[in-house]
Amino acid sequence: MAAPAIQLHALSHRYDTDPVLRDIDLTIEHGEIFGFLGHNGAGKTTAINILTTLIAPTSGSAQVCGHDVVRQRGEVTACIGYLPAEVRMYGHLTAAENLAFFATLSGVPHPRRAAAETLAYLECADLANLRVSTFSSGMRQRIGIAQAIVHRPQVLFLDEPTTGLDPFGVRQLRETILQLNADLGMTVFMNTHLLGEVSKVCTTIGVLNHGELIYKDSIEETTRRFPDEASLEDIYVRMGSDSA
Amino acid sequence: MSDQTVTTRVTGARRARVLAIAKHEYRAAVRSRILLILVVLLILVTAASVYIASAGYAAKLAEYETYRAAAQAQGLDRIAPTPLAALSLLRGPLEYLEIIGAVIAISLGYLSVSRERINRTLPLIRTRPVTAGEQATGTFLGAMGVFATLVATTIAVGIVSIGLLGRDWVNPGELFQIALTAVAALLYLGAFYCLGAIATAKSRFAANGLVIALGIWLLVVLVLPQIGDTMDADNQLPGGLFQALALDHDGELAVLQHFTGYERIRTGIEEASLSKHFERFAFAMSDVKDRYRPYNLPWLLNETRNDIAWLLAYAVAMFVGLRRSFRTQPTIPPGGTP
């Protein structure tokens with residue numbers, strides 16, 4: 001049986017003496033779109049930083065595509081794509097040059113072709129030969145997503161992907177995530193604040209409160225379990241007040 | 001698939017990543033306005049320096065040719081060889097490489113690290129199958145590509161100016177000596193590149209790293225050599241003390257035998273300076289110092305072996321430091337977001 005896309009076991013992390021994540025156990029299967037919810041400072045970005053090998057956990061273990069994020073960094077980075085909260089990229093390069101560079105680092109055999117194909121897939125081929133320094137934040141976000149998927153990763157990590165996007169951009173991003181999931185079977189792990197988007201995109205949600213995972217279930221089960229709440233936002237607020 | 005096939009594939013992938021980073025570094029440097037201004041400045045001062053020196057050289061060469069023609073016309077058997085050395089006109093460019101080149105190298109090292117911080121691209125690189133060592137090696141190779149272009153341009157401007165204005169083209173043997181000087185210049189600039197990158201990577205604020213690196217540059221390139229020069233007995237008289245005493249190199253060494261303690265301190269101060277080692281080697285190879293002119297290449301290499309060893313040791317040590325600082329550089333600043 002194939003290993004889950006993401007598996008955390010008793011994962012904890014602290015900055016100095018400040019605990020940020022506490023004993024998190026979590027399993028995300030391949031093909032899921034997982035929405036990671038939580039207030040500012042709940043530890044969502046720290047979790048992504050650990051899963052993308054940027055920092056090592058203080059204790060516990062994390063596996064991505066069956067590989068340990070500390071001991072098998074090379075294998076993990078070969079199967080993930082990552083879009084940070086604020087994307088800037090190399091301003092002196094064009095969009096295509098940026099993508100080709102990251103594709104080469106990921107070992108893609110024909111980086112230029114992969115860059116062109118990815119831009120076409122995201123319907124922004126017209127940006128290919130423009131320097132990124134001239135882009136608006138929405139355009140940069142699209143190129144950011146392109147760099148995250150240019151090597152067709154199995155698992156895609158998105159950290160607050162809607163930051164700086166206008167409503168049109170948010171909708172476009174939602175469609176892109178669904179398309180990636182449907183076309184390429186990509187597992188998506190997304191940190192976000194926008195609960196409306198989560199209900200439209202995610203198949204599963206997890207709620208983090210002060211470093212503790214207080215809830216994890218499918219969207220369908222969640223709405224069934226909280227029939228009195230009108231929206232996911234109401235459910236989220238109730239969870240927050242219950243745990244407090 | 002055999003183990004050897006897998007190993008070859010992994011090595012090939014690693015090489016491709018290192019080369020991609022090297023090309024990326026080169027392209028970023030070429031497109032940097034700050035670096036462009038510094039490089040243009042270096043080439044301009046090089047051209048001006050060689051232009052001025054070549055004009056005087058051409059006059060002296062014409063004077064010597066007149067003397068030789070007159071001596072031949074009088075049927076003299078022994079004609080004095082020319083006291084002129086075309087390569088010595090490269091003194092200016094070599095000194096500019098030593099001073100301005102080091103500033104360019106430090107700036108490039110600073111830009112390499114700060115660019116990733118400003119663009120927030122370090123996490124994007126580190127979430128690929130790229131090790132910190134590969135990243136350090138790639139950026140270093142890219143910078144060496146920039147320096148190779150810089151040194152080749154500077155020396156080419158010098159050689160062409162000597163030929164066109166000084167009316168004396170360097171011969172193949174001299175060209176080989178210049179090529180060795182260029183290699184030494186690459187090691188020298190590479191060490192300063194690493195200094196700029198290490199200081200920036202180790203600093204919480206990138207600009208602090210640049211200031212620290214420039215402080216070290218001031219000490220290594222200007223202060224220490226100046227102290228060494230001031231303490232040098234030969235510099236106590238205009239034209240040189242030992243020349244005034246009509247002493248050759250062996251004679252000079254015999255005199256200095258009586259001042260070993262003093263000379264040890266002076267040499268120690270000079271040897272702490274990477275610039276002094278580069279200068280000694282470069283000046284020996286390019287006939288800048290009169291005392292080296294009568295000797296052939298093997299003798300010169302033997303005479304400057306200590307400087308070659310120091311240059312290599314500095315460059316290797318700084319490169320090791322660069323790899324280490326890239327490994328320990330935090331991808332995510334303490335406290336959270338990149």
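The values are calculated or read from the model by the stated rules, or taken from the named source; none is laboratory data. Here the structure is a predicted model, which is why all the values come from computation and not from measurement. Reconstructed Cβ throughout: ideal geometry from the backbone, glycine too, with neighbour counts over all protein chains shown. SASA here: full protein model, heavy atoms, side chains in, ligands and nucleic acids out. Shrake-Rupley method; radii C 1.70, N 1.55, O 1.52, S 1.80 Å.
What the table below lists for this structure:
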| quantity | calculated |
| --- | --- |
| Dimensionless Rg ratio for the stretch A:18-127, taking C-alpha atoms and the 2.2 N^0.38 Å reference | 1.26 |
| All-pairs Cα distance distribution in the stretch A:57-179, expressed in whole percent, bin size 5 Å | 2, 12, 20, 22, 20, 12, 8, 4, 1, 0 |
| Column: log10 I(q)/I(0), Debye, Cα scatterers of chain B, q = 0.09, 0.10, 0.13 Å⁻¹ | -0.59, -0.70, -1.04 |
| Rough spin-label spacing in nm, given labels placed 7 Å along Cα→Cβ, for B:TRP299 and B:ARG15 | 4.3 |
| Rg ratio (alpha-carbon, reference 2.2 N^0.38 Å) - chain A | 1.01 |
| Cα radius of gyration and Dmax for the stretch A:82-136 (Å) | 10.8, 30 |
| Convex hull of the stretch B:162-249 built on C-alpha atoms - directionally averaged projected area, nm² | 9.5 |
| Pairwise FRET efficiency - B:ILE34 versus A:GLU233, Cβ, R0 = 51 Å, nearest 0.05 | 0.55 |
| Sequence of A:THR176, A:THR203 from largest to smallest accessible area, 1.4 Å probe | A:THR203, A:THR176 |
| Debye, to nearest 20: dipole size of the stretch B:73-221, +1 on Lys, Arg Cβ, -1 on Asp, Glu Cβ | 740 |
| Peptide-level mean, for A:98-106, of C-beta atoms on other protein chains within 10 Å | 6 |
| Separation of alpha-carbon centers, the stretch B:36-94 and the stretch B:154-185, rounded to whole Å | 12 |
| Shielding score for A:107-118, defined as the mean number of other chain Cβ atoms within 10 Å | 1 |
| Rg followed by Dmax, in Å, when the stretch A:137-195 is reduced to its Cα trace | 10.8, 29 |
| Reduction of at least 50 Å² in accessible surface, 1.4 Å probe, comparing all protein chains with the chain by itself, residues of the stretch A:44-93 | A:LEU54, A:ARG73, A:TYR82, A:ARG88, A:TYR90, A:HIS92 |
| For the stretch B:71-167, diffusion coefficient by Stokes-Einstein and Kirkwood Rh (Cα), 20 °C, 1.002 mPa s, µm²/s | 123 |
| DSSP bridge pairs, the protein assembly as shown: antiparallel proportion in percent, nearest 5 | 55 |
| Among A:PRO84, A:ALA5, A:ILE48 - extreme Cα towards positive end, dipole of the stretch A:2-155, charges at beta-carbon | A:PRO84 |
| Volume per residue that the Cα convex hull of the stretch B:1-121 spans, once the total is divided by residue count, Å³ | 190 |
| Accessible-area composition of chain B, carbon plus sulfur, in percent [1.4 Å probe] | 65 |
| Number of partner chain Cβ atoms within 10 Å, mean per residue of B:127-139 | 5 |
| Principal axes of the stretch A:4-49: Cα extent on each, largest first, Å | 36, 21, 14 |
| Virtual spin-label span in nm between B:ALA55 and B:GLU263, 7 Å along Cα→Cβ | 4.1 |
| Angle between chain B longest axis and helix B:274-285 axis [Cα atoms, degrees, rounded to 10] | 40 |
| Peptide ranges B:171-178, B:63-70, B:200-207 listed from the most packed, as the mean C-beta count within 10 angstrom indicates | B:200-207, B:171-178, B:63-70 |
| Euclidean distance of C-alpha centroids, the stretch B:267-316 and the stretch A:150-221, integer Å | 62 |
| R0 of 56 Å, Cβ-Cβ distance A:GLU86-B:VAL160: FRET efficiency to nearest 0.05 | 0.70 |
| Alpha-carbon Debye profile of the protein assembly as shown, log10 I(q)/I(0) at 0.06, 0.08, 0.09 Å⁻¹ | -0.44, -0.68, -0.79 |
| Residue-averaged [θ]222 nm for the protein assembly as shown, counting only DSSP H segments that reach four residues, each worth -39500 (n - 2.57) | -19000 deg cm²/dmol |
| Radius ratio Rg over Rh of the stretch A:1-78, counting only Cα atoms, Kirkwood formula for Rh | 0.95 |
| Gaussian network model of chain B, springs between alpha carbon atoms under 10 Å - residue of B:THR127, B:THR230, B:THR154 with greatest fluctuation | B:THR127 |
| Dmax and Rg, reported as Rg then Dmax, of the stretch A:111-244 (C-alpha, Å) | 17.0, 52 |
| For peptides B:185-197, B:254-266, sequence by mean Cβ density within 10 Å, most packed first | B:185-197, B:254-266 |
| Cross-link pairs beyond the 29 Å C-alpha cut-off, checked among B:LYS23/B:LYS202; A:LYS44/B:LYS23; B:LYS23/B:LYS276; B:LYS202/B:LYS276 | A:LYS44/B:LYS23; B:LYS23/B:LYS276 |
